[in-house]
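S.K.: If you scroll down you'll find the structure; I have some questions about it.
The values are calculated or read from the model by the stated rules, or taken from the named source; none is laboratory data. Not measured: the values here are computed from a predicted model. All Cβ positions, glycine included, derive from the backbone under ideal geometry; neighbour counts span all protein chains shown. Ligands, DNA and RNA are excluded from the accessible area calculation, which covers all protein heavy atoms including side chains. Shrake-Rupley method; radii C 1.70, N 1.55, O 1.52, S 1.80 Å.
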Amino acid sequence: MTHTAAEAIVRGSKSRLRARLLPRTLEHAREIPYYRELWGDSVARDGRGLAELPVIGKAAPAGGAAAVRHPGLTPAVLLHSSGTTGTPFVRYRSPEEIAAFGELLRRLSEGARQRLGEDRPIVHFTTISKRHHGGALNVVSVDRTVTLSLMNDNDLAKAVALLGRPEFFPGLDKPVVQFSGSPDDLVILAHTLAQSGLNEVLAPRTITAVADYLSELQRAYLADVFPTARIVERYTMSEVTGGATRCPSCRLLHFDAHVQPDVVSLDSDRPVTEGVGRMVFTELYPFSQYQPLVRYDTGDLVEAVPGGSDSCEPGELSAAMVGRRALTPLVTHRGRTIPVFRPIPLREALESSPAVARAPMYGGMRLYDVIPGSAPLCRPEFVPGTPDRLELTVVIAFAPHLYPDHTEAVRKELTSTILAACPELAELVRDGACELILLLTADRRAAAPFAVRGY
Ligand SMILES: [Zn+2]
C-alpha cells in the first residue's frame, strides 16, 4: 500500500489519487473510538460522504483531534504546537506512517530531480529545528540536512562561518545548496550573506519559506539576493501532514496530493466552492495512521477560487490565503457571513507603503534589533455599532505633526490600498455598514507587529 500510494502520488492526478485513498482513510478512521462515536454508524461508508462528516478542531467536539488515538498502533514521535487554550496540542505519529511519509518524500524528491535533470548532491540548510515542535518530520527529503540556529549574534556568526567553508562534506564536489526557514530567518540570512558576497558563492537552488507567511516584499528581497534560486512558499502547520505550496504564477495555493483539502462555510460544516471559508484538511491513509485528522479545521481562512488555477492544475481546488480566523472579525451582511477584513491582504497593503513603521527583524541580534524589517506595526480593532467601525491604529515611520500634508496623503493612499485588498470591507463601507478609520501615530508602543500566521 505504502509503495503504490507513494508512487501514484508522484504520477497521477491529485483528485483521482485522493478519491482512491479516501475509502481506506475512512475505514481506518472508523477503527478509532473517537471517530466511531462522533460519526455514528450511518455516514461515510464508501468515501462519498466526506462532506457529511463533522469538522473537528484541536480540542472540540468531545476532545477533538487531541482525543484521536488508534488502539492498534504505537506512537513513536511526539510533536507539539500551541493550543488555543494555552495547553500544548500534542500530535503523535507511528513508525508505519513515518515510513510511508518518508517514502513519499523520497519519491517526490527523486521525481523532481529527474524532471530538472539534476544529479548533483544536495546540501540542505534549515533554520527549522526540533526545538520548535519537539519532533521533526522532514520538511524536505534530503540526506544532508544541516540545522542553523539564528537565535543570537554568536549563532549568526557561526552560521556564516559554516556557510563560508570551502567544502561542506569531504569529497562532495559542488553540491546544490538549498535553504529553508521562517521568512524572517531567511531574510536575516540573506541580508548577512549579501554583505560578504557569500550569496553569490553559495548560489542556492531553492529557498523554501515555511512556518509563517512570506510577504511579497520579503519574497522580492530573497529573489534579489539569490537570483539563481527558486523561491518556494509552503503553507503548512506542524500538526497536519501535508499542506500546500503557493504557486509562483497564479499566486494561489496548490494543495499536496496526500491530503484532501476542503473549504468549508463560515456558517456550517458544508463545503463551499467559492468565497471565503475555513481551511479544512483530511490526512490520507497511509500517510497518517495513529492520530489521523479527518475534516480538521486549521483555524485558517482561505478564499476558494473556482477555476483559479486552471492554467496550472485544471480541475483542482485552489485557494487564496486570507488569514487566521481568530484574528478576523466576521459580520453578517446581506444574508451571509463575511470577514470584515482579510488579514493577509491587509498586511500586504500596509507593507506596500514605506511610510508604515515596521518591527525590528529580530530582537536577539545587535544589527537586526534595529533594522525595521519585520511585520508592519498595526492594531486593528473592530467596534460593532450602527454602523460598525474598523479602527486601524497604524504606526508610521515619521512624525505626523511635522508633516501634516504628507500624513494626509499617506492616509488617503493607505485607505484606498486597504479597500482594494479587502473586497468585503470595501462592500461594507460602500453599503454604509462599516466605517474604516485610520489612526496614524508615530508612537511605536501603540501597535504590535501585525502577525498573520506565526508558529
Ligand atoms: Zn498556479
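S.K.: Name all residues of region 397-415 having a backbone nitrogen under 14 Å from the label point set 7 Å from the Cα of residue 442 along its Cα→Cβ direction, giving them as ranges.
M.R.: Correct set: 397-408.
S.K.: Semi-axes, largest first, in whole Å: what does sqrt of 5 times each Cα gyration tensor eigenvalue give for region 175-220?
M.R.: Each semi-axis is the square root of five times an eigenvalue, giving 18, 13, 8 Å.
S.K.: Let me ask something else. Take the Cβ-Cβ distance between residue 113 and residue 415 as r, set R0 to 56 Å, and report the resulting FRET efficiency rounded to the nearest 0.05.
M.R.: 0.70
S.K.: Additional query: Output the DSSP H helices from the chain with an along-axis C-alpha extent of no less than 24 Å and a mean Kyte-Doolittle hydropathy no less than -1.0.
M.R.: Numbers: long enough: 95-116 (31 Å, -0.49); 404-421 (25 Å, -0.27).
Flagged H segments are 95-116, 404-421.
S.K.: To the nearest 20 Debye, how big is the dipole of region 241-308 about its Cα centre, given +1 on the beta carbon of each Lys and Arg and -1 on that of each Asp and Glu?
M.R.: With Lys and Arg at +1 and Asp and Glu at -1, about 160 debye.
S.K.: Same structure again: Where does the charge balance sit around residue 339 when Lys and Arg score +1, Asp and Glu -1, over other residues with C-beta under 9 Å from its C-beta?
M.R.: Taking every Cβ under 9 Å from that of residue 339, the sum is +1.
S.K.: Still on this structure, please answer the following. Starting from a Cα-only point model with no solvent, please compute log10 I(q)/I(0) by Debye for the chain at q = 0.07, 0.08, 0.14 1/Å.
M.R.: Relative scattering, expressed as log10 I(q)/I(0), comes to -0.39, -0.51, -1.46.
S.K.: Here is a further query. So, with +1 on the Cβ of K and R and -1 on the Cβ of D and E, and no other charges, what is the size of the charge dipole of region 2-324 about its Cα centre, to the nearest 20 debye?
M.R.: 500 debye
S.K.: Mind jotting down the three principal axis lengths of region 328-441 based on Cα atoms? Whole angstrom, largest first.
M.R.: 52, 33, 21
S.K.: Another question, then. Can you pull the one-decimal nm distance between simple spin-label points at residue 76 and residue 265, each 7 Å off the Cα toward Cβ?
M.R.: Calculated label separation equals 4.3 nm.
S.K.: How large a share of the accessible area of region 2-324, in percent, is made up of carbon and sulfur atoms when the probe is 1.4 Å and the other protein chains stay in place?
M.R.: 52 percent
S.K.: Which residue, chosen from 204, 194, 385, occupies the Cα position most advanced towards the positive end of the dipole of the chain, where the dipole is computed from +1 (Lys, Arg) and -1 (Asp, Glu) charges on Cβ about the Cα centre?
M.R.: The listed residue farthest towards the positive side: 204.
S.K.: If Lys and Arg each add +1 and Asp and Glu each add -1, what is the summed charge of the other residues whose beta carbon sits under 12 Å from the beta carbon of residue 31?
M.R.: +3
S.K.: Moving to a separate point now. Per residue, how much accessible area does the chain have with a 1.4 Å probe, in Å²?
M.R.: Per residue, the chain has an accessible area of 45 Å².
S.K.: For region 328-441, calculate the relative contact order in percent as a whole number, restricting contacts to Cα pairs under 8 Å that are 6 or more residues apart.
M.R.: Taking the mean separation of contacting Cα pairs over the length of region 328-441, I get 28 percent.
S.K.: Run lengths n ≥ 4 of DSSP H only: what is the helix-derived mean residue ellipticity at 222 nm for the chain, with -39500 (n - 2.57) per run over all residues, to the nearest 500?
M.R.: -9000 deg cm²/dmol
S.K.: Take the chain, mark every one of the GluC sites (Glu not before Pro) that falls in a DSSP loop and has at most 16 other Cβ within 10 Å, then report the longest stretch left between them, sites excluded. Please list the in-between numbers first.
M.R.: Details: sites that count: 31, 118, 167, 274.
After excluding every exposed loop site, the longest remaining stretch is 275-455.
S.K.: What are the ³J(HN,Hα) values, in whole Hz, obtained from phi via the Karplus relation 6.51 cos²θ - 1.76 cosθ + 1.60 with θ = phi - 60°, for each residue of region 59-69 in sequence order, with x given for Gly and Pro?
M.R.: 10, 9, x, 6, x, x, 4, 5, 8, 7, 8
S.K.: From the residues 172, 350, 65, which one has its Cα farthest along the dipole of the chain in the positive direction, the dipole being from +1 and -1 charges on Cβ of Lys/Arg and Asp/Glu about the Cα centre?
M.R.: Sorting the options by dipole projection puts first 172.
S.K.: Of the beta bridges DSSP finds with both residues in the chain, what % are antiparallel, to the nearest 5? Don't skip to the answer; put the middle values down first.
M.R.: Working: 44 of 69 bridges.
Antiparallel bridges make up about 65 percent of those DSSP assigns within the chain.
S.K.: I would also like to ask the following. Lys pairs in the chain, Cα-Cα under 30 Å, at least 8 apart or on separate chains: how many?
M.R.: Qualifying lysine pairs in the chain: 5.
S.K.: Next question. What ranking, highest mean first, results for peptides 59-67, 445-453 when packing means the other Cβ atoms within 10 Å averaged over each residue?
M.R.: 445-453, 59-67
S.K.: State log₁₀ I(q)/I(0) for region 219-336 at q = 0.12, 0.24 Å⁻¹ as given by the Debye formula over alpha-carbon point scatterers of equal weight, solvent excluded.
M.R.: -0.48, -1.39
S.K.: Now for a separate question. Residue 388 to residue 200: FRET efficiency via 1/(1 + (r/R0)^6), r the Cβ-Cβ distance, R0 35 Å, to the nearest 0.05?
M.R.: 0.10
S.K.: Okay, moving on. Test of understanding: what is the full-extension gain from residue 220 to residue 99, defined as 0.36 nm times their sequence separation minus their Cα-Cα distance?
M.R.: Full extension from residue 220 to residue 99 adds 39.9 nm.
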